[in-house]
């Protein structure tokens, strides 16, 4: 039985508690959030102990594993402390928003001899898995390019998360698609060219990028084209637009997860409620649920968890490079080899 | 731990064994198929004992539950024998293809005091569940009508199943949609008008209906319109076409499960591989998997399983009436009240 | 040059004037509407003479052709008078809403020796034409069945037209799809079974059917399944839902004209604005425009126009039968042979 | 009446002859193609005089206008000679594939005092027009970014056109989307960053780019993201994939012209036949038809035609810059002001 603590009691922390409720091998014991009412709410919903200081949680609870579900930029201290306390980690994506943070987490994990999984949940998305499986199985032939759009309506930066100004469409969204592009193609990013614009969210006091386009160049000379924006109208029938095309030499695959086959028109307007996710017989289903369940199952079996530090650091490197390229207007090389 | 036997080792029997492999509370022990190689194959794949005579399986194995996955028309003997042996039942839909068979199964189940679930797997389909949940929760207002299309390419009657001539698009497909229409609206069917045609499959030596349309009238005077055919071209990108519209007084919902957001173009043509189902980390997912897992979980907890005999018999009554109306050209009343 | 008068200055009458503005061979001279402001508005927009009495228009203007664009139920007098005045006719679909009206119009047309076209505009819809052309060309093989859904949001009966209580989804919408089903398959309807419900529009003081389903049986024993409702939510992104499936023995074709590839999300919500129709360089395009232009071009060339009285009367017969079946719950035979 | 000659008797030249057959104001007289059988075929189909030398055509026929429908790289001589002969021009896009060619054509047009239209047919595509109209009308708010994908299956470079090695996805496809991006946003491109790959077509002896991605920067700092490939599998149901998203500050619009609402499954596989285009009553319809008809109508009325030399040269500048950036890996500024 894995005794588990969760740091961060927001949407994601709560979702992880829900995902593991009654799951074999999982014993979620405690949740920590800087905001006491948040911690108390999640604790109450799922029968956990509540904390506002993660060090105290680590000291008082005998935990085997910790899930770090704090905001993008706030993973370092929680992860380092949990690793140093001997806990295996599941860290939300992105692993970190600076190379220094990523390296500090990696150092702590290695020093403690624990395992670290980074929460790239799209590796459990059935559609993205099919891209990966067919690519890895050779059915696509060599991957020639990928076009990946992952965007949100204004709702996400203005309402859903309170720390959007400290993040960006690149950190929040492209950390998913950078990982997916490398995973599906099996290639390493060597250079990045990014362009974008800002001003609309800034005028709403959220001083970050509105639009980010990034062209990735891989080690075999092929490319991927990523777009993420935070300025889709709130009248879009889905908060998320996710479209993914892989063009292989032999086959092409297209995925459109914006309209997942369910449409509802009613007094509140027109919505695409989504097909993946939701509860089945009281058990939550969907990519992040399957991910955290896999984390627990593998720990129970003493298996390696993943994607891990290398994938997490690689994505951080690429997204750092995307921001550098956005700022400078130059091509930014990504030298993954220089780490470690 | 539920000790489980499976009668019928075809596509469905094998899928159930796969679905329960490693599932908490499930101990699948044996599989039975009239064709010995089929039984041996499934037994080998999942580490089970193989039988060709279900009575012998029931006698030799101490089973708590039996899954009846024989062809549509061949449920009766297996179900009656298993119930009489004291086993809980999961019977593939339709429960039976005659009222007599349905009543015989019901009698055996009641006499033995066991539970019986009928495999209407669309109750675990996330899209259909959303229709049901929003309808039951009042978000749709009163359901005014439903348009449900569930069809297959020629592949199903000509290649996938060997007993299509003993079934029909109404038995094979409308048993799903009749149940769904009643479940989503919460209404009881009181009359049926069906029209259709035959001749194309008959010319391929499969003497059954090519096309079936059925208008259902419910107890509140509203209607549902069901269509099922077995004559879609094999070049359709999906073997199944499933489209479902619910028009409520306040809201309408549309579901299109033919193209589930994943498209693949390659040397073998263009396909819609589907988003639901498939393995995640070696664990099968999807509606029939979640259904059989729910069956096991509820038995483990001593809870009531369902949908059960009443729903199964109601669907059999309606589909029998559909065939009567197809033959006679008349409206056929459905008097569910007359059963026990 | 065809001198043309238009009777009925509503949405359709105005659209026809727009469609013929500057079109070679067309000289639209006058418009008539019982409501003088309506007549004056159209006259002003397109430089026409305005009338409130069609007999006066016929007497004063020397017209070659008249377009009858009055409400569904009000075609007879206008058509009979215009034909008797020696004018060729383009009569909006349905030709008439009773057999008597249809016969009266036919008698007047024949007596006057003029031509009569009935406005089944979907014969100029590029998608429906492809169904027809591929069917007639043999690419589909024998047509086995058709599923046709043509519905509107509440907006149409409650706001767009003021005479919905004197029409129905069957008259307003199925007159299109009954004609299309016969045209695409090349078959004649021999019997009708219809079911539906009413009450929701009636509660809004529009006492007509909410939902109509009709199963058509053709002379070769095949079927078509038609649904039309007037109760789609106003939040649907399009006022019209039009879905058409033709299943042939060799090929199947699917048309979905609800979402015509253009989607807009903005302050006013989410809309599907449609791809067909609209102005190109100031010239209106789209099915009804192409239809009325064909009417004029054929008259100019002295060619036969169509679809004509036979097709118009056949559709009236079938829709009358649909209403009879809705009322009686019985199968209603359609004996087209009895006419003429 | 405009007396018209067509230079280039391939797919496009023939289509233009078809588009103008019987169109008011158009008198297509002659067609010229270097391949005599091609010229004779088109001449025969449409009742024209055939030439293999365009100078001879210009000398012998008294033409008012000439349509230049030669391959991408072969517009210069035909256009210069026709302009010098006093003919108005409709030149296929791109105007030219070098700045020198574009300038030579511009010089000849100006010297002759004739008009020149460049065949950016998407300005007559109803979907793209809606983007433009809503953008220009202010409904979108400021355009923040555009994502435009326009790609072909292998069929186009390997089979449909014989001169693909002298063109590229950027010349053949992005000349459309570069023009559209500027037209829809009303902005001028100031810099280009392009990345792509080659090798797959080269291995089939067509030594050009397989994949091109281009990030456009506009004069207001906003961006557009263009992708074009020539390596989609031939099993894609449509030869063309065209997807267009415009994100404005207030509204977003999405257009997907790959699947235009018509789907056909038959013995030859699964196809999306398209909704736009095709004949209606023997008259061809669709964007290029409406474009060439507008060209003729405007000449007849003595109006200005367009888009013209400025738009044509601007697109050539940008696509030249895209190729420079592909080769150098650098940002390439586009200084439209330096022309003229």
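Every number here is computed from the coordinates shown, using simple stated rules; none is lab data. Please read all numbers here as calculations on a predicted model, not as lab measurements. Cβ placement follows ideal geometry from the backbone for every residue including glycine, while neighbour counts extend to all protein chains displayed.
According to the square roots a ≥ b ≥ c of the eigenvalues of the Cα gyration tensor, what is the shape class of chain A, taking rounded for a/c under 1.5, prolate for a/b larger than b/c otherwise, and oblate for the remainder?
Here chain A falls in the rounded category.
If R0 is 56 Å, what FRET efficiency do you get for residue B:205 and residue D:21 from their C-beta distance, rounded to 0.05?
Efficiency at R0 = 56 Å is approximately 0.65.
Most exposed first by the Cβ proxy, i.e. fewest other Cβ within 10 Å, how do C:117, C:15 rank?
Ranking C:117, C:15 by Cβ neighbours within 10 Å, fewest first, gives C:15, C:117.
I need the shape label for segment A:178-330. Rule: rounded when a/c is under 1.5, else prolate if a/b > b/c, else oblate, with a, b, c from the alpha carbon gyration tensor.
oblate
To the nearest 10 degrees, how steep is helix C:175-185 against the longest Cα principal axis of chain C, on a 0 to 90 scale?
Orientation of helix C:175-185: about 70 degrees from the principal axis.
In degrees from 0 to 90, rounded to the nearest 10, what is the angle of the helix A:11-20 Cα long axis to the longest principal axis of chain A?
In chain A, helix A:11-20 runs at an angle near 60 degrees to the longest axis.
Could you rank the peptides C:97-107, C:285-295 by their average count of other C-beta atoms within 10 Å per residue, with the highest value first?
Ranked by mean Cβ neighbours within 10 Å, highest first: C:285-295, C:97-107.
Could you list the residues of segment B:57-80 with an amide nitrogen less than 16 Å from a label point located 7 Å from the Cα of residue B:3 in the Cα-to-C-beta direction?
Hits in segment B:57-80 for residue B:3 at 16 Å: B:57-67.
Give me the distance in nm between label points sitting 7 Å out from Cα along the Cα-to-Cβ direction at residue A:11 and residue C:330, one decimal.
Each label point lies 7 Å from its Cα, and together they span 6.1 nm.
For segment B:197-235 and segment B:135-190, what is the separation of their C-alpha centers, rounded to whole Å?
Result: 10 Å between the Cα centres.
Which FRET efficiency, nearest 0.05, do residue C:62 and residue D:41 yield, Cβ-Cβ r, R0 35 Å?
Computed FRET efficiency for residue C:62 and residue D:41: 0.15.
Report the residue of chain C with the smallest Cβ-to-axis distance, using the rotation axis that brings C onto B, in whole Å.
Here the value is C:193, 3.
Averaged across the residues of C:150-157, what count of C-beta atoms belonging to other chains lies within 10 Å of each residue's C-beta?
So the per-residue partner count for this stretch is 1.
Arrange C:185, D:251 by Cβ neighbour counts within 10 Å, fewest through most, would you?
Ascending Cβ contact count within 10 Å gives the list D:251, C:185.
Using the 7 Å Cα-to-Cβ label point, sort the distances from residue A:107 to its equivalents in the other copies shortest first and give them in nm to one decimal.
When each copy's label point is compared with this one, the spacings are 6.6, 8.0, 10.2 nm.
With N set to the number of residues, divide the alpha-carbon radius of gyration of segment D:76-212 by 2.2 N^0.38 Å and report two decimals.
Compared with the compact-globule rule of thumb, segment D:76-212 sits at 1.21.
Return the average number of partner chain Cβ atoms within 10 angstrom of each residue Cβ along peptide B:120-129.
3
Let's test the formula: R0 of 25 Å, r as the Cβ-Cβ distance of residue D:279 and residue C:281. What FRET efficiency results, to the nearest 0.05?
Plugging the Cβ-Cβ distance into 1/(1 + (r/R0)^6) gives 0.80.
Put the label 7 Å from Cα along Cα→Cβ for residue D:203; what are its distances to the other copies, in nanometres, shortest first?
Distances between equivalent label points, in nm: 4.4, 5.0, 6.5.
If one takes the longest principal axis of the Cα atoms in chain A, at what angle in degrees, from 0 to 90 and to the nearest 10, does the Cα axis of helix A:126-136 lie?
With both axes taken from Cα atoms, the answer is about 60 degrees.
Would you mind listing how long segment B:2-114 runs along its three principal axes, going by Cα atoms, in whole Å with the largest first?
36, 25, 23
For a quick check: sort A:318, D:239 by the number of other beta carbons within 10 angstrom, fewest at the front.
Taking fewest neighbouring Cβ atoms as first place, the list is D:239, A:318.
For label points placed 7 Å from Cα toward Cβ, what is the shortest-first list of nm distances from residue C:186 to its copies?
So the label point of residue C:186 gives 5.0, 5.2, 5.3 nm to the other copies.
With a/c under 1.5 counting as rounded, go ahead and sort the protein assembly as shown into rounded, prolate or oblate using the C-alpha gyration tensor (a ≥ b ≥ c being the square roots of the eigenvalues; past the cut-off, prolate if a/b is larger than b/c, else oblate).
It comes out oblate by the Cα gyration axes.
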